[in-house]
2 protein chains.
Amino acid sequence: MKRTEITDILQSPQIGTQVLIKGWVRAFRSNRFISLNDGSCFNNLQCVVDFEKFDEELLKKISFHSCIAITGQLIESQGAGQTVEVVAEKIELLGECSPEEYPLQPKRMTLEYLREKAHFRMRTNTFSAVFRIRHAIAFAVHKYFNDKGYYYMHTPIIAGSDAEGAGEMFRVTTIDIINPPLKNTKLDEWADNFYQEIEKAINNSDQLHLRKINSFLKKTIEGLTLEKLVKARPSEIKELLDHPDISKINNLVREVYVIVRPKIFTIGNSNKTFLKDNLSQKLRQVVQLKKDYRRFGLWYQYKEKLFPSLKLTFYNIRPVNNYNQLSSESELDFSKDFFGKSTNLTVSGQLQGEIAALALGKIYTFGPTFRAENSNTPRHLAEFWMIEPEVAFFDIFDNMDLAEDFVKYLINYILDNYPDDLAFLDERIKQAEKNMKQELRRPMSLIEMLRFVIKNDFERITYTDAVRILQNSKPYKKGRFEFPVEWGKDLQAEHERYLVEKHFKKPVVVRDYPKAFKAFYMRENDDTEPGKETVAAMDILFPFIGEVIGGSQREERHSVLLERVKAQGIPEEELWWYLELRKFGGCPHSGFGLGFERMVQFITGISNIRDVIAFPRATGTAEF
Amino acid sequence: MKRTEITDILQSPQIGTQVLIKGWVRAFRSNRFISLNDGSCFNNLQCVVDFEKFDEELLKKISFHSCIAITGQLIESQGAGQTVEVVAEKIELLGECSPEEYPLQPKRMTLEYLREKAHFRMRTNTFSAVFRIRHAIAFAVHKYFNDKGYYYMHTPIIAGSDAEGAGEMFRVTTIDIINPPLKNTKLDEWADNFYQEIEKAINNSDQLHLRKINSFLKKTIEGLTLEKLVKARPSEIKELLDHPDISKINNLVREVYVIVRPKIFTIGNSNKTFLKDNLSQKLRQVVQLKKDYRRFGLWYQYKEKLFPSLKLTFYNIRPVNNYNQLSSESELDFSKDFFGKSTNLTVSGQLQGEIAALALGKIYTFGPTFRAENSNTPRHLAEFWMIEPEVAFFDIFDNMDLAEDFVKYLINYILDNYPDDLAFLDERIKQAEKNMKQELRRPMSLIEMLRFVIKNDFERITYTDAVRILQNSKPYKKGRFEFPVEWGKDLQAEHERYLVEKHFKKPVVVRDYPKAFKAFYMRENDDTEPGKETVAAMDILFPFIGEVIGGSQREERHSVLLERVKAQGIPEEELWWYLELRKFGGCPHSGFGLGFERMVQFITGISNIRDVIAFPRATGTAEF
């Protein structure tokens, strides 16, 4: 017999037919009524069991969240609370769920507790509702854009440039962290250079010169030891460096003194007269060995057997003064990494989205983005999903229109299509607020709030307006804001909340922010006064969740953009293609980013962002 | 005036109205006909320019891919090739595109060349068609599943476990690669232990014992130098180690000899009589310094000023025999990394998808997945998108039905909705094949092939059938297969191609593979003979692109799964939650993965996978 899903039975029940249903037991009351849920919808289907007809052992195993299949007749319900029910004729146990061992219980569990049990939490009313709605919002995103002729772009997750500077990033690498490949350092370069020069001198010398060189090497380099150099008086060093014979080498020796105190140079037996080949070969060996030693770590490469004369010397290479040690990652040789360069997890697909918009006209992205910020808050995730439309020929006002229409569409879609899940979440908040003080409760219920947002125009103000309103506010005058309110300073969460929740009591779009604290790609407004330059940026602020959208018109003028790139110290070469977009067939264009989880939070009324994503990633959290 | 998109004009032209259109110039013929494309659809809109009415300088700048806005009247076209055209009354140049500098030219360019210019390639006919269709396939994926009641899951990109073992992975980290945090190594532990024991001995000693200890330390440890140890004869070492006074320390000293030759232990002035506190303090300093030195790298921490007596000693710490060097990443302390553990980019969302399916019933994922494999082929990407449905109560046959229905739906959706783009790609292949040998050409055109696939049932065979067919094949008998065909060995691309392209001439679903080379989570079939165990796995093989889907029924039996996990040496603790899914309310379930880019390749007929993703990531490639 073919299984029927519970949503199909509830939506168009065919009374009197035999059905086979499968799902998880939500409750088993009085050894008689099983509430079965198969995830297909919020509601359970009640199954009536005549316990005398079934094996007792089987019935004992029908417990909270055990998985069963029931065959029986669908009848009109005899009891209250449901319209139809199934009279169980056959019950099959698919998966036991021992109440003694199962970490979930059929009673109120905190969201914090359930977060630790993320492999089972989606079986609860709250989380199944949240994740059905999350799905539906995601689908509505695609439907909205597809219906309007936008093209979905998959921008790269692994980013080859860190130009956007939207925050701390995760490195993506296949480098062996223990033995990372290192760039040729100054020390390596210097040594290469030094030995090459000596080799050249040796090769170009006749026997007489060779002896001179040998004598020089003995006197200056070979004879040097760490102790001698450390103890040398300045006059002695000068004498050493001013040795008249081989001026080229002298300069190099000067560097020796500055950069390293090289006992390494006591190669071979200094009493022996070197032959050309002999000396050259030894030099090559020493250089190679020194490189290996750098590459593989100090302890690893030292081989007494190979170079008995180097016995105690390698350990003594060390910096003295100016030599910048291996203390920064700039010494790593990323050309040896998987992508031949340093790569990170993307913080935004915007820059690549612009490429597509300047070809396909209207595009959007919907993908994961990342921040390696150590913020352990209910509002932040290290991995979250973002939606970023980008539209050619749109200015900042088109952009705001799109954003407002878009989020209203999403909310409306859920109100229309997921009433049961939403009603449960609405009721959940009401119950939770019963024990709260009046001032902590929501001004309206979840569903009322959603309806309110779609029915009313968002308030649109400039940043300058916002500052004025805040400076005239009670909390400002009474000194209740923690952060200063002053033209030129960014708005803080407390300011945004005041504007949205106290002053306008609805979503607010703030635009035209000071250029100083906004990203380099935002278009500088034409009509701003010097010293008070603004950019065509806009943020949409929502009650409870704060900033849900941030967007801007993009700087399309090549020279203006280049200037800002330089001013912010962003390496131009990382943005060559972004700059070229302004040189070849560019045009005004705009876009914004919507934090998907924030939107899910707003629609579901869930307060911690970790409860609206299936398997949250945050500082110290990467389970499942 | 409000801009109209070209697709709207072409779909329902309102002859006689004024329109404002914006887009990129695809061609400007005879100084009179501009073909304008705005990305909204495949077709261009022709604009007619009376060049006498416009500034010559402006007209000069209307070049290939320059961006312009045109206002004019929409009329029925006078010429052939289009039904409507716009008589330009006003032209505005939005973005120049100097033909001298622009890297694209209005002539045939190779896909390889355009790949290097990915920031402009979407403006070409081929790539704009590909990326519109890519969008449409993605939308069709969501529509298919949403309409059927599947819930979209975002499974994590940053994976905390590497249990799946689907290939090489990218590390995600915020660790400082130059100075990575290290676990307490054996050396650290040993030193801690050693000094603690000495401290204890000192603290527990009376003055007499203290002198004894001092004398012992002087004789054994303090007096030791690298040279002495290196030169010591076995009998001398034995004598040293057998010192009768302090047996505990003796054992430790034995380790000294095995593990390190510690000039480090010549702390302080060995002629001085130590006082308790003095000695303890020095020991602590030395231990701390040694740890720091390990942590920060050899050259970094050595500070003569702090410890003049340690001057030459630190450099001499090094392993002698058994001490396992810092040669593996297991020495890294990942508890100091962002997530408190080692993390990677996900290779599949399946395992987490199963969590959701066992709660919500029917789910699918659609997200980026990663392989750090060094395969520089036209079939592989390091970052690609995958679709993974997972369904509770589905067996392998339900799974195959779903997969076949799903891919047919995708193909049908594109045939129905993107005929213009598809026709162009179809023609493109025909043109390209004109110069090819008959046997290299496709057996049918792109569109014919797509229609063929949706009209015919996929062939369904078992792996055992496949082996038999291959062993009876001409290429096998003539020894033309490179790889062996033998029950128990995996099918290679050449075998798959034979089955699909030669034998069945249509998509083939192969199921019931030998357990030996398949993943641990695939359900072992009930009816297989010992030594010839198979699993309920299935692959769907397509012409041209090979394996496009791989799936299986999942092992739902806890004990069987656990056994396989152990047999494959997968750390159980990484899979605790996956195993628990089988303990609590589990049930039979199945799922599969569809490589999204492979599907886009099949539908667009594009042969290199790097040309169906906007910004490909592969070995050495992470530009844009």
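Annotation: residue B:356 fulfils all but one of (1) surrounded by fewer than 24 Cβ atoms within 10 Å (Cβ to Cβ); (2) modelled with pLDDT of 95 or more; (3) facing chain A (nearest Cβ under 10 Å); the unmet one is (1). Taken over the range A:409-426, the criterion of being within 15 Å of residue A:548 (Cβ to Cβ) and surrounded by fewer than 19 Cβ atoms within 10 Å (Cβ to Cβ) is satisfied by A:409 alone. Just one residue in the set A:346, A:377 is polar (S, T, N, Q), more than 9 Å from chain B (Cβ to nearest Cβ), within 20 Å of the chain's Cα centre (by Cα) and farther than 19 Å from residue B:621 by Cα; that residue is A:377. Filtering the range A:17-32 to residues that are over 42 Å from the mean Cα position of the chain (by Cα), within 15 Å of residue A:48 (Cβ to Cβ) and in contact (Cβ under 8 Å) with a residue 24 or more places away in the chain leaves A:18, A:19, A:28, A:31.
Please determine whether any residue of the range B:394-407 is in a loop (DSSP other than H, G, I, E, B) and touching a residue at least 24 places away in the same chain (Cβ under 8 Å). Yes: the range B:394-407 contains one or more residues that are in a loop (DSSP other than H, G, I, E, B) and touching a residue at least 24 places away in the same chain (Cβ under 8 Å). If you check A:426, A:401, A:405 for being within 14 Å of another protein chain (Cβ to nearest Cβ) and more than 27 Å from the chain's Cα centre (by Cα), only one passes: A:401. Here the range A:569-605 is the region considered, the condition is being assigned to a loop (DSSP other than H, G, I, E, B) and under 22 Å from the mean Cα position of the chain (by Cα), and the residue that is farthest from residue A:389 (Cα to Cα) is A:571. Any residue at all in the range B:559-575 that's closer than 27 Å to residue B:150 by Cα and within 14 Å of chain A (Cβ to nearest Cβ)? Yes, some residue in the range B:559-575 is closer than 27 Å to residue B:150 by Cα and within 14 Å of chain A (Cβ to nearest Cβ). Based on what the data block shows, is residue A:64 within 14 Å of chain B (Cβ to nearest Cβ) and either free of Cβ contacts under 8 Å to residues at least 12 places away in the same chain or hydrophobic (A, V, I, L, M, F, W, C) (or both)? It is true that residue A:64 is within 14 Å of chain B (Cβ to nearest Cβ) and either free of Cβ contacts under 8 Å to residues at least 12 places away in the same chain or hydrophobic (A, V, I, L, M, F, W, C) (or both).
Of all the residues in the range B:448-500, those that are closer than 25 Å to residue B:425 by Cα and crowded, with 18+ Cβ neighbours inside 10 Å number 5. All conditions but one from (1) part of a strand (DSSP E or B); (2) at pLDDT below 95; (3) of a type outside the set (Lys, Arg) apply to residue A:373; the one that does not is (1).
Within the option set A:49, A:86, A:25, being buried (at least 17 other Cβ atoms within 10 Å of the Cβ), away from chain B (no Cβ under 13 Å) and touching a Ser or Thr at 6+ places or on another chain (Cβ under 9 Å) holds for one residue only, A:86. Inclusion of residue A:138 among residues that are among the hydrophobic types (A, V, I, L, M, F, W, C), within 11 Å of chain B (Cβ to nearest Cβ) and in contact (Cβ under 8 Å) with a residue 12 or more places away in the chain is warranted. Tell me whether the range B:545-565 contains one or more residues that are of a type in the set (Gly, Ala, Ser) and farther than 22 Å from residue B:465 by Cα. Among the residues of the range B:545-565, at least one is of a type in the set (Gly, Ala, Ser) and farther than 22 Å from residue B:465 by Cα, which makes the answer yes.
When the range A:427-443 is examined, which residues are found to be surrounded by 13 or more Cβ atoms within 10 Å (Cβ to Cβ) and within 14 Å of residue A:544 (Cβ to Cβ)? Selection gives A:429, A:433, A:441, A:442. Among the residues of the range B:156-171, the one identified as at pLDDT 95 or above and either more than 7 Å from every other protein chain (Cβ to nearest Cβ) or outside any loop (DSSP other than H, G, I, E, B) (or both) is B:158.
If you go through the range B:94-130 and keep only what is in a loop (DSSP other than H, G, I, E, B) and touching a Ser or Thr at 6+ places or on another chain (Cβ under 6 Å), you end up with B:96, B:97, B:99.
For the range B:445-465, filtering for residues that are in a helix (DSSP H, G or I) and of a type in the set (Lys, Arg) leaves 2.
Quick grid of which residues meet (1) outside any strand (DSSP E or B); (2) among the small types (Gly, Ala, Ser); (3) modelled with pLDDT of 95 or more:
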| position | (1), (2), (3) |
| --- | --- |
| B:7 | yes, no, yes |
| B:10 | yes, no, yes |
| B:15 | yes, no, yes |
| B:20 | no, no, yes |
| B:26 | no, no, yes |
| B:36 | no, no, yes |
| B:39 | yes, yes, yes |
| B:47 | no, no, yes |
| B:52 | yes, no, no |
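Restricting A:529, A:459, A:524, A:486 to residues that are charged (D, E, K, R) and within 13 Å of residue A:542 (Cα to Cα) narrows the list to A:459.
Among the conditions (1) modelled with pLDDT of 95 or more; (2) within 28 Å of residue B:121 (Cα to Cα); (3) more than 14 Å from every other protein chain (Cβ to nearest Cβ), the only one that residue B:615 does not satisfy is (3). When each of A:137, A:133, A:175 is tested for being among the aliphatic types (A, V, I, L, M) and at pLDDT below 95, the lone residue that passes is A:175. For residue B:540, the conditions (1) in contact (Cβ under 8 Å) with a residue 12 or more places away in the chain; (2) within 10 Å of another protein chain (Cβ to nearest Cβ); (3) crowded, with 20+ Cβ neighbours inside 10 Å are fulfilled apart from (2). Among residues of the range B:576-609 being over 22 Å from residue B:428 (Cβ atoms), surrounded by 21 or more Cβ atoms within 10 Å (Cβ to Cβ) and of a type in the set (A, V, I, L, M), the one that is nearest to the other protein chains (Cβ to nearest Cβ) is B:581.
When the residues of the range A:89-115 are filtered to those that are touching a residue at least 12 places away in the same chain (Cβ under 8 Å), within 14 Å of another protein chain (Cβ to nearest Cβ) and more than 21 Å from residue A:33 (Cβ to Cβ), the one that is surrounded by the most Cβ atoms within 10 Å (Cβ to Cβ) is A:114. Within the range B:468-502, the set of residues being of a type in the set (A, V, I, L, M, F, W, C) and in contact (Cβ under 8 Å) with a residue 24 or more places away in the chain comprises B:469, B:470, B:487, B:491, B:493, B:499, B:500.
The values are calculated or read from the model by the stated rules, or taken from the named source; none is laboratory data. Everything numeric in this text was worked out from a predicted model, so none of it was measured. Because the Cβ atoms are built from the backbone with ideal geometry, glycine has one as well, and the counts that use them run over all protein chains shown.
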